[in-house]
1. What number of residues within segment 29-58 are of a type in the set (D, E, K, R), at pLDDT 65 or above and closer than 23 Å to Leu151 by Cβ?
2. Would you check which residues across segment 95-117 are free of Cβ contacts under 8 Å to residues at least 40 places away in the same chain, surrounded by fewer than 15 Cβ atoms within 10 Å (Cβ to Cβ) and either touching a Ser or Thr at 6+ places or on another chain (Cβ under 8 Å) or charged (D, E, K, R) (or both) and list them?
3. Restricting segment 133-151 to residues that are at pLDDT 95 or above and part of a loop (DSSP other than H, G, I, E, B), which is nearest to Asp69 (Cα to Cα)?
4. Among the listed residues Trp120, Trp143, which satisfies the condition of being more than 26 Å from Phe89 (Cβ to Cβ) and either of a type in the set (Lys, Arg) or without any contact (Cβ under 8 Å) to a residue 60 or more places away in the chain (or both)?
5. So, in segment 211-229, exactly how many residues are under 21 Å from the mean Cα position of the chain (by Cα) and either at pLDDT below 95 or outside the structural domain of Ser164 (by TED's automatic domain parsing) (or both)?
6. Which of (1) at pLDDT below 75; (2) exposed (fewer than 11 other Cβ atoms within 10 Å of the Cβ) is the odd one out, the single condition Leu8 does not satisfy?
7. Within segment 97-148, track down each residue that is under 22 Å from Lys177 (Cβ atoms) and over 14 Å from the mean Cα position of the chain (by Cα).
8. Does any residue of segment 231-242 turn out to be assigned by TED's automatic domain parsing to the domain that holds Val107 and farther than 30 Å from Lys115 by Cα?
Amino acid sequence: MRVEVAGLLMIKEVLAEMDTTATEWVQERLTKFAVDIKNTTGATRDAYMKVQEQTSRLERVGIELPANDLAPAEDTQGNAYPTFARHLFAGADGEYPVKLNDWETTVVTTELGRKSTVAWYRNPARAARSALRLAYQDEGGTWKSLQVDFLVMSKRDDGTLAASIVDPHGDHLADAKFKLRALADYAEQYGSEFLRIESVAKAGDTLRALDLHDANVRAAVRAFEGGKVTTLYESEAARDYV
């Protein structure tokens, strides 16, 4: 019997069928008990999250925001980080210290300058449960996680709140093209749940934005086969980020 089982487990089609059946079984129960799972805490909560993260299929999972965020106020040399207002985890003084590069600083300043902006969130750079994570495949087909830079919460003219993704990711990285495609795919699938989904990069001396809610922009992103995605931001598919 053991020999027969071992032999079956060497057959690729059998393994694929087992994986499919097990995944469907888990997904059905995660859906059925979704509310109960959200009410769990501590080790029990962690155990359920590990189950979700181990699936062989792409899964939609929620963002687990911490109760508080202890952000460093200075670097290792004692130099204070600049502070910005209206961060989700701003201190009692209403300010939040954070180290940003030039592009990121411009984006945060611009978003805070909008009358509609209520709050913003610096999405963690690592693939943490407190981060909005997008799955993508690099050039070699390896699955990786993209963490967009910023989530911005705005108040619309009817008083309702809406979230936007604003992502000033570097265009110089080797996998920039694949990350941009992942964001385009995410916008197509979940775009209706966001006010804006914009990828921002510098073209010359100007920050430019790709509006990934626009089907024509998504098509341009998917069709792009060049080396540096800067070309996309210099094209008519992009507009000045203001």
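1. Applying the first criterion (of a type in the set (D, E, K, R)) to segment 29-58 yields 29, 32, 36, 38, 45-46, 50, 53, 57.
Narrowing further to those that are at pLDDT 65 or above: 29, 32, 36, 38, 45-46, 50.
Next cut, closer than 23 Å to Leu151 by Cβ only: 38, 45.
Selection size over segment 29-58: 2.
2. Lys99, Asp102, Lys115
3. Looking at the filtered set, the residue picked out is Asp149.
4. Numbers: Trp120 fails: more than 26 Å from Phe89 (Cβ to Cβ).
Among Trp120, Trp143, only Trp143 is more than 26 Å from Phe89 (Cβ to Cβ) and either of a type in the set (Lys, Arg) or without any contact (Cβ under 8 Å) to a residue 60 or more places away in the chain (or both).
5. 1
6. Here Leu8 clears every test but (2).
7. Asn101, Trp103, Glu104, Val107, Gln137, Asp138, Glu139, Gly140, Gly141, Thr142, Trp143
8. Of all residues in segment 231-242, those assigned by TED's automatic domain parsing to the domain that holds Val107 come to 231-242.
Those still in the list that are farther than 30 Å from Lys115 by Cα too: 231.
Yes, segment 231-242 has at least one match.
The values are calculated or read from the model by the stated rules, or taken from the named source; none is laboratory data. As the structure is a prediction and not an experimental result, all values here were calculated from the model. Every residue, glycine among them, receives a Cβ derived from its backbone with ideal geometry; neighbour counts consider all protein chains shown.
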